[in-house]
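Below you'll find the structure, written out as structure tokens, and then a few comments.
The values are calculated or read from the model by the stated rules, or taken from the named source; none is laboratory data. Keep in mind it's a predicted model, so treat the numbers as computed, not measured. Note that we place each Cβ from the backbone using ideal geometry, even for glycine, and neighbour counts take in every protein chain shown.
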Amino acid sequence: MGCIRLVILGLVLTPSLVLPVRTPSETVTVTGTRSREVLHDFVQSFAAPTRLTGKIARWMDGICPVAAGLPSGFTSFVIRRLKDVAGKVGAPVDGNASCKPNIEVVFTTAPQALLDNIKKKQSSLLGYYDNASQRDRLATVTRPIQAWYATATRDLHGKIQVDSGKTMGAGLEIWLPCPTTTGLCLMHFPNANAYAVTGSRLGDGLRSSFHHVIIVTDPSKLVGTEMGALADYIAMLALAQLESLDTCQQLPSIVNMLAQNCEKKSNALTENGLAYLHRLYKMSPDTTPGIQKDQVSYQMERDLTGR
């Protein structure tokens, strides 16, 4: 099968490696410990909090994935699998054929060159950072499959602001007691954002969502990996932001596939991973981070044990 040349995010990609294709069974059931404590620890170590709210992000707008860098038969397989998994776990899918892509899956044997280009031209797609040093660390490729998440915060009234450490807009002007004289003074806060919230300790009304996700895969580092396993791994990264992909999870999971010295690896989405995604898309989006994780782990236990 010949090579193709595609241009995505301003960089020409010329991959020369093709991964073997073996269509996986729809779900591989892998048994494991399902105690409440283990599931709680699994969720605690699995879910990555967003920088701005500390909550767990998920898709609220319909996903519109695209893939590039391999022949169309391979990329179509990855996109089809991603949409299938999203439908199974209750994640929204944009059914419009001309939808605006918000998940970009890129196969390239020059991943760092791609990220350097993104950093130069579209650094907001890297995710939240406060300064150039954090941006440079974000744009460093360290894994054969790696994801970058741009998130957004929605307030009680549905107002959406993309999470960013940069000054956005004119900031806020608020009348406050003057610092050196009596009376009120108009204070300007250039980096401030206003959100409508509830004031409740159980849930402030703020919700974290994905705005854009980039997943970059280097085929040269994955020789011998089946396309089915790769598609499931990408689906997990596209639908959930995970804390660490190098940590061997206590429960068998597709994300253990590339973790070093891990005995609980799987080459397909496991019942644990599917249960996590299912409950991620069922949890209350505006509650506190602790309540969110408790909801996910409690409902996972009910799903996996049939209680």
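Here is how the numbers come out for the structure above:
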quantity	calculated
Inter-residue pairs, beta-carbon under 7 Å, first under 17 Å from Asp41 (Cα atoms) and at pLDDT below 90 and in the range 249-270, second in a strand (DSSP E or B) and of a type in the set (A, V, I, L, M, F, W, C), 6+ apart	Val255/Leu242
Matching residues, the range 223-246, being under 17 Å from the mean Cα position of the chain (by Cα) and of a type outside the set (Gly, Ala, Ser)	Leu230, Asp232, Tyr233, Ile234, Met236, Leu237, Leu239, Gln241, Leu242, Glu243, Leu245, Asp246
Residues of the range 42-62 classified as over 18 Å from Ile254 (Cβ atoms) and surrounded by fewer than 21 Cβ atoms within 10 Å (Cβ to Cβ), total	9
Residue, nearest to Arg207 (Cα to Cα), within the range 247-287, restricted to residues that are β-branched (Val, Ile, Thr) and within 16 Å of the chain's Cα centre (by Cα)	Val255
Candidate set from the range 157-205 (those that are within 24 Å of Lys293 (Cα to Cα) and part of a strand (DSSP E or B)); member that is modelled with the lowest pLDDT	Gly203
Residue check, Gln146 of a type outside the set (Phe, Trp, Tyr) and surrounded by fewer than 17 Cβ atoms within 10 Å (Cβ to Cβ)	no
Looking only at the range 38-62, and only at residues there that are more than 12 Å from Asp294 (Cα to Cα) and among the aromatic types (Phe, Trp, Tyr), the one that is nearest to the chain's Cα centre (by Cα)	Trp59
Index of the failed condition, Cys248 passing every other in (1) among the hydrophobic types (A, V, I, L, M, F, W, C); (2) over 19 Å from Val213 (Cβ atoms); (3) surrounded by 17 or more Cβ atoms within 10 Å (Cβ to Cβ)	(3)
Residue count, the range 67-95 (criterion: outside any loop (DSSP other than H, G, I, E, B), surrounded by 15 or more Cβ atoms within 10 Å (Cβ to Cβ) and not hydroxyl-bearing (Ser, Thr, Tyr))	14
Test: residue in the range 277-284 that is among the basic types (Lys, Arg), closer than 12 Å to Val43 by Cα and in a helix (DSSP H, G or I)	yes
Every pair of residues 6+ apart whose Cβ atoms lie under 7 Å, when the first sits in the range 292-307 and is farther than 17 Å from Thr270 by Cβ while the second is among the β-branched types (Val, Ile, Thr) and part of a helix (DSSP H, G or I)	Lys293/Val43
Answer residue from the range 224-245, given it is assigned to a loop (DSSP other than H, G, I, E, B) and aliphatic (A, V, I, L, M) and is surrounded by the most Cβ atoms within 10 Å (Cβ to Cβ) among those	Ala240
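Conditions tested, residue by residue: (1) over 21 Å from Leu70 (Cα atoms); (2) in contact with a Lys or Arg (Cβ under 6 Å, 6 or more places away or on another chain); (3) at pLDDT 95 or above; (4) not in a helix (DSSP H, G or I).
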{"position": "Ala97", "(1), (2), (3), (4)": "no, no, no, yes"}
{"position": "Thr109", "(1), (2), (3), (4)": "no, no, yes, yes"}
{"position": "Asp136", "(1), (2), (3), (4)": "yes, no, yes, no"}
{"position": "Thr153", "(1), (2), (3), (4)": "yes, no, no, yes"}
